[in-house]
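The values are calculated or read from the model by the stated rules, or taken from the named source; none is laboratory data. Just so we're clear, the structure is a prediction, and the values are computed from it rather than from any experiment. Reconstructed Cβ throughout: ideal geometry from the backbone, glycine too, with neighbour counts over all protein chains shown.
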C-alpha cells in the first residue's frame, strides 16, 4: 500500500468488523482500498469483499492495489445509497460487516483537476462520480442567491453565508467563476472585510481556512451526500447478518448527526410519539449501539495522518 494513503482508524475498524474466513464484507466507499486491504488480509483464505465507489479513478487504483486478493474481491462502480440493489446484483443477500468511510478521499483532494480543494487551483467540479452532469461550477454560476445562501448555511454552517453569496453574485455578473482559486479568493475577501475589526478567528478552530465551510457545503450539495448517507444506512441494516457490524466514519457534524440518529432509531423497540398510550408503530429493534459516543483517532494517529483529526467512528451490531 502507498505510504501516502493511510486508512483512518484501521485497528478500531478491524476490531469491530472482526474479519474471518468465509465472511462476506462490504466496503461501501472503497476509495484507494486501504481498509479493504486489511479486511481481506485478516479474512484469509476465503473471506470475500464487495468494494463500492462512485469514483472510477479510485476503483482503478483499488483494483491494482488489491490485486493479490482479486479472487475474493468484487469492485462495483455505484452509490451505496443503492446498497441492497448492488448486493442483489451480486447474488448476495446478507453480509457479515459493512464499512462506510465518508467524505472526500485523499485522491480527490490531491487532484487539482477534480476541484475539491482550495489548496490547489483547478476547475470548479467536486463531482465524486464524474459521469454526473451537475458540478460545483453550475451551482455557483447558475443558482439563485436564496439557494446559495441556504447551501452555505445548512451544509457548511457558514456564518457569512449571505455576504459570501452577495459577493459571488456581484462577481459572476461580470464574469463566470470557473476555478477553485477564484472562489476561494472571493470568500477570503468577504472574511477580510467582515473580520478586520475583530481579533477573533474567522472560523471555529485554529488554522481553518475561510473557504473550508463553503467548499464543504458545495461538495455535499453536488454529490447529495447527506441524502445518500440516510439511504445508505437504511439499506445497510437489512442486509447485515445477526451479529454483523456496521461501522461509519464521518468527518463533520452533519454526517455524524445522521449516523447517530439513524442508529438510535433502529436501536429502539418503539418509535411512537411520546404521548401514544399504546405502541402502534410495530417497529422492531434491529441494532445494538456499540459506541454511545463516537471513537476518535489517538494523538499518535493524528500526528502520523493529520487528515484523520476530525474523524468520528460510530458502530452498531445487528440483533
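In the range 117-126, the qualifying residues are those that are touching a helix residue (DSSP H, G or I) at 6+ places or on another chain (Cβ under 6 Å) and at pLDDT below 95, and the one that is nearest to residue 59 (Cα to Cα) is 117. Would you check if residue 44 is touching a residue at least 12 places away in the same chain (Cβ under 8 Å), farther than 30 Å from residue 212 by Cβ and in contact with a helix residue (DSSP H, G or I) (Cβ under 6 Å, 6 or more places away or on another chain)? In short, no.
Results for (1) surrounded by fewer than 22 Cβ atoms within 10 Å (Cβ to Cβ); (2) touching a residue at least 24 places away in the same chain (Cβ under 8 Å), shown as yes or no for each residue.
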position: 57; (1), (2): yes, yes
position: 60; (1), (2): yes, no
position: 72; (1), (2): yes, yes
position: 83; (1), (2): no, yes
position: 99; (1), (2): no, yes
position: 116; (1), (2): no, yes
position: 120; (1), (2): yes, yes
position: 127; (1), (2): yes, yes
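Evaluation of residue 257 against the conditions (1) in a loop (DSSP other than H, G, I, E, B); (2) at pLDDT 95 or above; (3) over 21 Å from residue 30 (Cα atoms) shows that the sole unmet condition is (1).
Among the residues of the range 37-52, is any under 19 Å from the mean Cα position of the chain (by Cα), closer than 18 Å to residue 308 by Cα and buried (at least 23 other Cβ atoms within 10 Å of the Cβ)? No, because not a single residue in the range 37-52 is under 19 Å from the mean Cα position of the chain (by Cα), closer than 18 Å to residue 308 by Cα and buried (at least 23 other Cβ atoms within 10 Å of the Cβ).
Kindly establish whether residue 104 is within 15 Å of the chain's Cα centre (by Cα) and surrounded by 18 or more Cβ atoms within 10 Å (Cβ to Cβ). Break it down stepwise before answering.
Working: within 15 Å of the chain's Cα centre (by Cα): yes; surrounded by 18 or more Cβ atoms within 10 Å (Cβ to Cβ): yes.
Answer is yes for this residue.
Quick one: would you say residue 237 is closer than 27 Å to residue 154 by Cβ, more than 17 Å from the chain's Cα centre (by Cα), in a helix (DSSP H, G or I) and modelled with pLDDT of 95 or more? The answer is yes for residue 237. Hey, among the residues in the range 132-152 that are touching a helix residue (DSSP H, G or I) at 6+ places or on another chain (Cβ under 9 Å) and in contact (Cβ under 8 Å) with a residue 40 or more places away in the chain, which one's surrounded by the most Cβ atoms within 10 Å (Cβ to Cβ)? Residue satisfying both the conditions and the ranking: 152. Inside the range 156-181, residues that are under 17 Å from residue 115 (Cβ atoms), in a helix (DSSP H, G or I) and in contact (Cβ under 8 Å) with a residue 40 or more places away in the chain make up a count of 3.
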